[in-house]
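Data block below; observations after.
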Amino acid sequence: MLFSLPHPQIQSLTSLQSKLYFSSASHDKTYLIVNSLGIDRTGIVSDLSKLVTDAGGNVGESQAAKVGNHFSLTMLVSVPSNKSKSLQSVLQNLSGMNTHCIETDGDPNAVKVSPSIAYSGRFVLEGADDPGLVHKVTSVLAKHNLSIDTMETADEIAPHGGTQLFKIDGICSAIAPLPKSFDSDEIREELSELANSLNCDITLEDNVTRKKQGNWIWTEEAA
């Protein structure tokens with residue numbers, strides 16, 4: 001099982017940024033989030049992007065992933081406002097694909113304001129497959145107000161013994177200001193206790209952080 005990261009065969013797609021805030025789109029363009037899902041086959045990206053181009057539109061940020069035998073593509077699309085409805089209709093009626101379109105304020109030329117990231121970490125789980133692993137791990141992170149930025153999960157057979165193994169590999173983060181009670185060591189301890197109960201290994205490695213006297217900064221100005 002694999003999801004949430006770009007399909008390895010897709011080479012020309014940029015990753016969709018999940019934490020950007022945009023001003024209103026320009027009057028003559030409409031911005032759409034297009035999400036398409038269908039049985040994996042050659043040419044899906046080419047077919048979808050051609051429909052956008054034929055409507056006078058443009059594909060900006062995008063993300064692709066293969067999930068089982070299905071292929072998912074999410075794109076930020078800009079299109080002349082007078083072509084938006086017709087493009088949405090064509091996309092939603094494309095044979096073999098289940099497509100949803102959502103209008104968004106996504107002008108890539110507008111001033112972007114990104115929240116200040118006070119903490120970022122990489123979490124990894126490796127062990128025997130067990131129902132609910134994703135929920136249990138992410139629940140611990142959510143309890144400490146950590147958001148999931150990216151995450152990949154995969155099933156594989158162990159090299160020796162033929163046991164079904166499961167792996168989670170992701171990046172989590174928290175925006176400033178952090179609460180005074182935030183302690184990544186405490187989160188690691190809680191994940192370790194969870195790992196012991198599930199007979200697996202779970203690690204949390206501090207990634208992009210800023211420190212002051214051994215503690216995480218609480219605000220941008222505190223540095």
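For region 122-175, take every pair of Cα atoms, bin their distances at 10 Å starting from 0, and report each bin as a whole percent.
Going from the shortest bin to the longest, the percentages are 24, 49, 21, 6, 0.
Karplus couplings for region 61-71 from phi (6.51 cos²θ - 1.76 cosθ + 1.60, θ = phi - 60°), rounded to Hz, Gly and Pro as x?
Karplus values, whole Hz, x for Gly and Pro: 6, 7, 8, 10, 7, 9, 10, x, 9, 9, 10.
What distance in nm separates the simple spin-label points at residue 181 and residue 122, each placed 7 Å from Cα in the Cβ direction?
That separation, rounded to one decimal, is 3.0 nm.
Could you put 28, 155 in order, starting from the residue whose Cβ has the fewest other Cβ atoms within 10 Å?
If I rank by nearby Cβ atoms, fewest first, I get 28, 155.
Once amide H atoms are built 1.01 Å from N in the peptide plane, which residues 5 or more positions from residue 149, or in another chain, come under 5 Å H to H?
The list, which skips near neighbours in sequence, is 171, 172, 173.
Once the piece of chain linking residue 28 and residue 150 is laid out straight, how much longer is it, given 0.36 nm per residue of separation minus the C-alpha distance between them?
Gain on stretching residue 28 to residue 150: 40.6 nm.
Throughout, read-outs are computed from the coordinates displayed, never taken from laboratory work. These figures come from a predicted structure and were not determined experimentally. Cβ sites come from the backbone with ideal geometry, for glycine too, and all protein chains shown count toward neighbours.
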